[in-house]
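Engineer: Got a structure for you, written out below as structure tokens; questions coming shortly.
Readers should treat all values here as calculations from the given coordinates under stated rules, not as data from a laboratory. If you're wondering where the values come from, they're calculated on a predicted model, not measured in any experiment. Quick reminder, even Gly has a Cβ in these numbers, built from the backbone with ideal geometry, and neighbours come from all protein chains shown.
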Amino acid sequence: MMVVSDLDDVFVPLPDDLLVNLSESRNVVETFLDSLPSMFQDNVNVESAFGPALKAAFMVMSQLGGKLLIFQNTLPSLGYGRLKLRGDDIRVYGTDKEHTLRLPEDPFYKQMAADLTKYQIGVNIYAFSDKYTDIASLGTLAKYTGGQVYYYPSFQSNIHGEKLRHELARDLTRETAWEAVMRIRWIRFTSYHGNFMLRSTDLLALPAVDCDKAYAMQLSLEETLLSTPTVYFQVALLYPSNV
């Protein structure tokens, strides 16, 4: 195991040797996954250096792109992107400030999402905590990279285990289009909704897209539309490869 303890100047110790081909190294990957439960079972440190770990993963994946799966069980508390425990302030609930709890707290996550999208990396987040985790901030990574958030509050294997197995298996095996962009032509839309990065006024960047994703658009009714009985528009989804 290699440990990078510097949280302010993250680097990758072996930049070319941390990604492996699954078909060639399946035994190594499975051995690593099997050892995870015991590797940190005696750890009593509950701090989370989520931001630095995210930066390191970005450095590793930026040469290839792909999909990053994040499994998080506590509030990020060290290094870049550390978050405050703002969800416990009960005085905010029922006031005009309550909506702020649903907004990202730290711009670090949106900036990271922009960088990830630029290098065609989609992010899916699996959150398990029984305490406040600030999904509004963490979810920004999935929102702007075409990803998805899976939330298992107060995770218990006997309750959520089968759901997690099913969703993780589908996440890993469903057909996915990579490095995609989507554009709708011939009608002016005023807003777009869904998980993507709006690269220009009408171009949606989707590092990874699959059949479980949905997008909504709000169109503008102009005079030319109101005077014609039929309106056409074209949706174009372009991607170089799918697996």
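Engineer: Suppose the chain between Met39 and Glu167 were pulled fully straight at 0.36 nm per residue; how much longer would it get relative to their current alpha carbon spacing?
Structural biologist: Here the answer is 43.6 nm.
Engineer: Under the 0.36 nm per residue contour assumption, what length would be gained going from the current alpha-carbon distance of Lys118 and Leu64 to full extension?
Structural biologist: Stretched fully, the Lys118-Leu64 segment lengthens by 18.3 nm.
Engineer: Distance between Cα centroids, the stretch 127-182 to the stretch 26-78: provide it in whole Å.
Structural biologist: 15
Engineer: Please give the helix 108-118 orientation as an angle from the longest Cα principal axis of the chain, in degrees from 0 to 90, rounded to the nearest 10.
Structural biologist: Computed tilt is about 70 degrees.
Engineer: Full-extension gain between Arg183 and Ser77, please, as 0.36 nm times their residue separation minus the C-alpha to C-alpha distance.
Structural biologist: My answer for the length gained is 34.3 nm.
Engineer: Compute the signed sum of charges (Lys and Arg +1, Asp and Glu -1) over the other residues within less than 12 Å, Cβ to Cβ, of Cys211.
Structural biologist: Overall, the nearby charge balance is 0.
Engineer: Let me ask something additional. What ranking do Val12, Val231, Val44 get, fewest neighbouring Cβ atoms within 10 angstrom at the top?
Structural biologist: Fewest-to-most ranking of Val12, Val231, Val44: Val44, Val231, Val12.
Engineer: Thinking of the chain as a set of Cα atoms, what percent of all their pairs are more than 21 Å apart?
Structural biologist: When all Cα pairs of the chain are counted, 65 percent exceed 21 Å.
Engineer: I'd like to compare 202-208, 181-187: which one has the highest average count of other Cβ atoms within 10 Å, and what's the full order after that?
Structural biologist: Put in order of decreasing packing, that is 202-208, 181-187.
Engineer: Next question. Quick one: Lys110, Lys131, fewest Cβ neighbours within 10 Å first, how do they rank?
Structural biologist: Lys131, Lys110
Engineer: Could you work out the local net charge near Ala236, counting Lys and Arg as +1, Asp and Glu as -1, over the other residues with Cβ closer than 9 Å to its Cβ?
Structural biologist: +2
Engineer: Gly79: net charge of surrounding residues, Cβ under 12 Å, Lys/Arg +1, Asp/Glu -1, itself excluded?
Structural biologist: Charge balance in the 12 Å sphere: -3.
Engineer: Moving on. To the nearest 0.05, what FRET efficiency results for Ser227 and Arg199 with a Förster distance of 45 Å applied to their C-beta separation?
Structural biologist: 0.90
Engineer: Rounded, prolate or oblate: which fits the stretch 1-40 when a ≥ b ≥ c are the square roots of the eigenvalues of the alpha-carbon gyration tensor, with rounded for a/c under 1.5 and prolate only if a/b beats b/c?
Structural biologist: oblate
Engineer: I would also like to ask the following. Kindly write out, for the stretch 23-29 in residue order, the coupling ³J(HN,Hα) from the Karplus curve 6.51 cos²θ - 1.76 cosθ + 1.60 (θ = phi - 60°), rounded to whole Hz, with x marking Gly and Pro.
Structural biologist: 5, 8, 10, 4, 4, 5, 5
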